[in-house]
1. Under 5 Å between amide H atoms, partner at least 5 residues away or on a different chain: which partners does ASP141 have, H built in plane at 1.01 Å?
2. In nm, give the distance between the simple-model label positions of LEU112 and GLU35, each being 7 Å from the Cα along the Cα-to-Cβ direction.
3. Among the GluC sites (Glu not before Pro) in region 50-140, which ones are in a DSSP loop with at most 13 other Cβ atoms within 10 Å of the Cβ? Mind listing them?
4. Would you work out if region 75-144 is rounded, prolate or oblate? Take a ≥ b ≥ c from the square roots of the eigenvalues of the alpha-carbon gyration tensor; rounded if a/c is under 1.5, else prolate when a/b is larger than b/c, oblate otherwise.
5. Write down the Kirkwood hydrodynamic radius of region 60-115, to one decimal in angstroms, obtained as one divided by the mean of 1/r over all alpha carbon pairs.
6. So if we plug the beta-carbon distance of SER133 and ARG79 into 1/(1 + (r/R0)^6) with R0 = 25 Å, what FRET efficiency do we get, rounded to 0.05?
7. Give the distance, in whole Å, between the Cα centre of region 163-180 and the Cα centre of region 39-54.
8. Take peptides 84-94, 39-49 and line them up by average Cβ neighbours within 10 Å, highest first, as a rough protection proxy.
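Nothing in this text is a laboratory measurement; each read-out follows from the coordinates by a stated rule. This structure is a prediction, so every number in the text was calculated from the model and none was measured. Don't worry about glycine lacking a Cβ; one is built from the backbone with ideal geometry, like all the others, and counts go over all protein chains shown.
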Amino acid sequence: MVERFFFSSTKQMHKGDEKSTQIILLSGPPSWYLEDDEGIKKYFAAFHLYETFPIAVIIDDFGDFFNDRHCQERYGNARGRDLAMVRALALCQDAMTHANERLQNRTPCKLLLSDTHHGDSPRLLFIYKRWISSIFTIKGDCPASFLLKNASTSGGDLGRKRAAKYSIALQYLVLEGFVE
C-alpha cells in the first residue's frame, strides 16, 4: 500500500519529456476560503448541482475546521466535535460517490484531506478509519528523514507493517527505500 502512494504519484512525472516535468504547478479556481465545518458541509451538500466535477478536492488541516467548544455548544453534546466531523465526512463521502457515479468510466473525482497530529497517529483516527479508505501518517525518523506509514489497516501488507523512508534533500523528496 505504501508503495502505491509513491509509485502512483511519481509515475505521472516520468511520462513525457524530461524538460516538461521539471516544474509542476497546481492551479485551480479563485481562492475559496472556509471558516469552519459549516462551509465544508455547504460545499459538499451542493456538489450534486455541479455540471462538471473537479478531478480533486483538497482540504488542508481538516480537523482545524472543527472548534471543540463551538461544536459542543451547537450539538449540546460533550462529543460535539466528533459529531460535526462525522456529519461532514458523511457529506464528503456522499458527494464523492455521487460525482463518481455520474463520471462513470472517466477520471474519478478524489478527495484529499490533511490533518496535523502530534503523536504516532491522528487524534481522531477512529473516526477517520470509518470514512476514509487510505490513511497515511508521516513520522520523523531522524533529522531530514521521515517514515510514511499506512494507518488504514492494523495488519499492513500481508500482516507486516511496511513504511516508506524518505528524505528532503536540495528541495527534492527522495525515496530512500521501504522498511518493515
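1. Counting only residues 5 or more places away or on other chains, the set is PHE146, LEU147.
2. Taking the two extended label points, one gets 2.8 nm.
3. For GluC sites (Glu not before Pro) across region 50-140 that sit outside H, G, I, E and B with at most 13 neighbouring Cβ atoms in 10 Å, the list reads GLU51.
4. Judged from the Cα gyration tensor, region 75-144 comes out oblate (a/c at least 1.5, b/c at or above a/b).
5. 12.7 Å
6. Numbers: r = 24 Å, r/R0 = 0.95.
For R0 = 25 Å, the calculated efficiency reads 0.55.
7. 36 Å
8. Working: 84-94: 18.5, 39-49: 14.7.
Descending packing order for the listed peptides: 84-94, 39-49.
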